[in-house]
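To start, the structure under review is shown below, and the notes come after it.
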Amino acid sequence: MSAQVKLDDTLETGLAKEERRGLSREWRAFWRNPLAISGVAILAFLVLFSWLGPVFYHTPPEFPDVNNILSPPIPLHPLGTDGVGADVLSQLMWGGQLSLEVGLAAAVVGSVIGAIYGLVSAETGGWLDTILMRFVDITLAIPAIYLLVVIDSILNPNPVAMIFIISITSWQGIARIVRGQVLSLRTQDFVEAARAEGAGTWRILMRHYLPNVMGPIIVYTTFSVGGAILTVSGLSYLGLGLPPNDPNWGLSLSNGVAYMFQNAWWLIYPPGLMIVLSMLGTNFLGDAFNAAFDPRLRGRG
Amino acid sequence: MLKYVVRRIIESIPTLIGISIITFILMHLVPGNPALVMLGSHATQANIAALDHQLGLDKPVYVQYLLWAWQLLHGNLGTSFSTNQPVTQMVWQALPHTLSIVGISTVLAYVIAIVQGIYQAKNKGSIADNTVTSVGYFLYSMPIYWLGNLFIIWFAIALPIFPPGGISDPGQSMNFVVWFSHMSLPVIALTLVTVAFWGRFMRQSVIDTLVQDYIRTARAKGLSERVVLYRHAFRNSLLPLITLFGFSFGGLLAGALFTEQVFNYPGMGLLFWQAALHRDYPTVLGTTMIIGITVILGNLLADLLYAVADPRIRYN
């Protein structure tokens with residue numbers, strides 16, 4: 001018994017060391033990639049803009065300046081005001097907090113749901129696996145935005161409900177990836193060795209599966225953050241989604257395009273640009289993670 | 001080949017049943033009693049019970065599902081709350097508009113993605129390659145509901161080349177020029193965001209193909225670079241693009257929802273969105289069901305095209 005434990009430990013320490021060395025090599029590859037630097041820089045800018053911005057810029061987002069309605073940028077309002085005289089810059093700062101929070105949370109919750117689903121499907125196998133994967137096909141047949149609009153029109157969601165309903169329409173991709181990875185890991189020698197030594201399901205899960213599926217999960221989640229920001233902004237743009245009493249980027253854009261015939265460019269370009277920047281940042285970062293974690297992609301352009 | 005086609009069609013039946021169940025469940029999550037909605041707030045208890053009976057709402061849920069599915073199989077999607085028209089009729093009017101903008105965008109996106117992919121793969125690492133990649137990143141990150149509105153501002157307001165939306169101007173009779181000019185901006189917007197995704201994919205696909213052994217053999221045989229590229233590499237790098245169509249078809253229909261909303265184009269997306277805003281649930285769920293069926297048929301089409309293009313699939 002004690003010998004077995006020792007063997008198990010040695011094997012695991014060896015593997016853990018290997019993983020640690022592997023990880024640092026991946027991180028070095030990651031930071032050498034200009035895409036990674038650009039992605040981190042863009043996302044850092046958005047986070048600072050949304051959370052640190054209001055610390056320095058005190059104009060409240062909902063306060064209507066009745067003397068300056070639909071005003072182009074002036075010193076008092078650096079990005080102008082909208083149709084009721086609310087300050088665009090502070091709307092974008094506060095709106096950024098909500099848009100980024102909902103996007104990040106929805107992507108993470110969706111990945112957790114998907115990872116667990118894929119793991120259960122692969123581990124149980126047999127007919128349950130078939131049914132679970134068939135269910136994934138079915139939910140993918142209806143494009144997520146249509147399901148979201150239907151659920152939204154039934155529920156009138158608050159931000160927390162919004163996170164939940166976006167995540168339950170965006171977990172399928174990661175479920176498929178994790179299932180595929182676990183199916184191939186199950187038959188690998190090091191997992192069989194661990195199992196033969198009597199390692200429990202939990203231990204195999206935490207020590208062997210998780211480190212190996214973490215790369216794809218991080219890559220996928222990074223892309224999902226951008227996707228979720230696009231989705232939540234799109235729903236607000238359609239007049240649904242997040243409650244309209246708090247600013248968010250999609251809502252600002254939707255309010256802005258109503259004034260396109262008045263040539264109110266300051267209402268239309270800045271909110272769209274914020275959404276594009278968050279998409280660019282997460283796409284750059286996702287590609288950089290992908291290139292770093294997937295050895296086949298290293299050194300490819 | 002026929003055996004494969006039949007098998008693929010049979011395989012898609014459980015998915016169809018699945019989306020009909022999801023739609024049915026969503027219909028039952030809708031707040032409020034349909035009979036009450038139809039009769040208005042002055043309905044008496046007896047009236048509601050009578051209509052419930054007439055609509056079959058007093059039967060067990062699975063019987064209700066079977067009755068509903070039976071109607072669905074006969075092409076009956078119910079009656080719209082807001083227009084009192086049969087939903088099927090509204091769908092039949094809207095679907096051709098959506099299929100034409102999605103269809104034309106798909107063809108255009110394919111052509112551009114293929115040309116772009118081959119050019120970039122051939123000139124990998126050049127300034128042109130990097131420029132196209134950067135533009136692609138930007139377009140790929142562009143929400144179509146923003147891009148569409150910018151197009152209206154640029155090409156319908158600032159430079160009035162195209163109409164800002166709709167399918168024809170009021171009082172205008174329908175002809176090819178009217179149809180084409182109203183469709184241009186929606187199609188260009190949908191094409192650009194699709195190309196951003198497919199072009200990137202095609203570039204990688206050609207790069208991967210160019211390092212294959214049969215390409216080296218073709219070059220070693222002394223074939224010209226032109227023949228190698230267009231006869232050998234091109235055809236083989238097309239295969240992933242067919243799969244990609246299957247993957248992207250749902251995304252194209254999602255893009256159509258926003259495109260039609262932005263350009264006020266009377267397709268499935270606009271019908272669906274307006275019904276959702278008016279809480280017209282029979283129309284919302286009817287269009288959802290048809291969108292789901294369209295996606296499944298699109299995937300089926302992609303699989304069949306793949307089998308035509310790649311003989312290895314058929315004999316599996």
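Laboratory data are not the source of any read-out in this text; all were calculated from the coordinates shown. Not measured: the values here are computed from a predicted model. Here the Cβ is made from the backbone with ideal geometry for all residues, glycine too, and neighbour counts use every protein chain on show.
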(message) Using +1 at the C-beta of Lys and Arg and -1 at the C-beta of Asp and Glu, which of A:Leu183, B:Phe151, B:Pro14 has the Cα lying farthest in the positive direction of the dipole of the protein assembly as shown?
(response) A:Leu183
(request) On a 0 to 90° scale, report how tilted helix A:172-186 is relative to the longest principal axis of chain A, with both axes built from alpha carbons and the result rounded to the nearest 10. (result) 20 degrees
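Could you please report the charge total around B:Leu300, scoring K, R as +1 and D, E as -1 over all other residues with beta-carbon less than 13 angstrom from its beta-carbon?
Cβ neighbours under 13 Å give a net charge of -1.
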(request) For chain A, find the longest principal axis of its Cα atoms and tell me its angle to the long axis of helix A:210-237, 0 to 90°, nearest 10. (result) 20 degrees
(request) Mind putting a number on the dipole of chain A about its Cα centre? Charges go on the C-beta only, +1 for Lys and Arg and -1 for Asp and Glu, and I need it in Debye to the nearest 20. (result) 960 debye
(request) Between A:Thr124 and A:Asn67, take the C-beta separation as r, use R0 = 51 Å, and let me know the FRET efficiency to the nearest 0.05. (result) 0.15
(message) Counting only helical runs of four or more DSSP H residues, what would the 222 nm mean residue ellipticity of the protein assembly as shown come to if each run contributes -39,500 (n - 2.57) and the total is spread over all its residues?
(response) -24500 deg cm²/dmol
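Could you estimate the translational diffusion coefficient of the protein assembly as shown from the Stokes-Einstein equation, with Rh from the Kirkwood formula over C-alpha pairs, at 20 °C and 1.002 mPa s, in whole µm²/s? Present the calculation step by step, with values, prior to reporting the outcome.
Details: Rh = 27.0 Å.
Translational diffusion coefficient: 79 µm²/s.
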(request) Sum up the charges of everything whose Cβ sits under 12 Å from the Cβ of A:Thr201, counting Lys and Arg as +1 and Asp and Glu as -1, but leave A:Thr201 out. (result) +3
(request) Between B:Gly136, B:Gly222, B:Gly199, find the one with the highest GNM mean-square fluctuation for chain B; connect C-alpha pairs within less than 10 Å. (result) B:Gly222
(request) For chain B, with a Gaussian network of springs between Cα atoms less than 10 Å apart, report the residue from B:Leu257, B:Leu244, B:Leu26 with the top mean-square fluctuation. (result) B:Leu26
(request) Between the alpha-carbon centers of the range A:184-256 and the range B:250-289, tell me the distance in whole angstrom. (result) 28 Å
(request) For chain A, find the longest principal axis of its Cα atoms and tell me its angle to the long axis of helix A:126-141, 0 to 90°, nearest 10. (result) 20 degrees
(message) Using a Gaussian network model on chain A with a 10 Å cutoff between Cα atoms, which of A:Gly118, A:Gly215, A:Gly250 fluctuates the most?
(response) A:Gly215
(message) Given Cβ point charges of +1 (Lys, Arg) and -1 (Asp, Glu) and nothing else, what value in debye, to the nearest 20, does the dipole of the range B:87-309 about its Cα centre take?
(response) 820 debye
(message) Please identify the DSSP H helices in chain B that span no less than 24 Å along the helix axis (Cα) and have a mean Kyte-Doolittle hydropathy of -0.5 or more.
(response) B:2-29, B:87-122, B:176-210, B:234-263, B:281-309
(request) On a C-alpha basis, how far is the centre of the range A:155-176 from the centre of the range B:168-208 in Å? Whole number, if you could? (result) 30 Å
(request) Answer with one residue from B:Val211, B:Met142, A:Met133: the one whose Cα lies farthest towards the positive end of the charge dipole of the protein assembly as shown, charges on Cβ with Lys, Arg +1 and Asp, Glu -1. (result) B:Val211
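Would you please classify the overall shape of chain B from the alpha carbon gyration tensor, given that a ≥ b ≥ c denote the square roots of the eigenvalues, rounded means a/c under 1.5, and beyond that prolate means a/b larger than b/c while oblate covers the rest?
The shape class here is oblate.
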(request) In whole Hz, with x marking every Gly and Pro, tabulate ³J(HN,Hα) for the range A:195-204 from phi via Karplus 6.51 cos²θ - 1.76 cosθ + 1.60, θ = phi - 60°. (result) 5, 4, 7, x, 5, x, 4, 4, 5, 4
(request) Could you size up the charge dipole of the protein assembly as shown around its Cα centre, putting +1 on the beta carbon of Lys and Arg and -1 on that of Asp and Glu, and report it in debye to the nearest 20? (result) 2320 debye
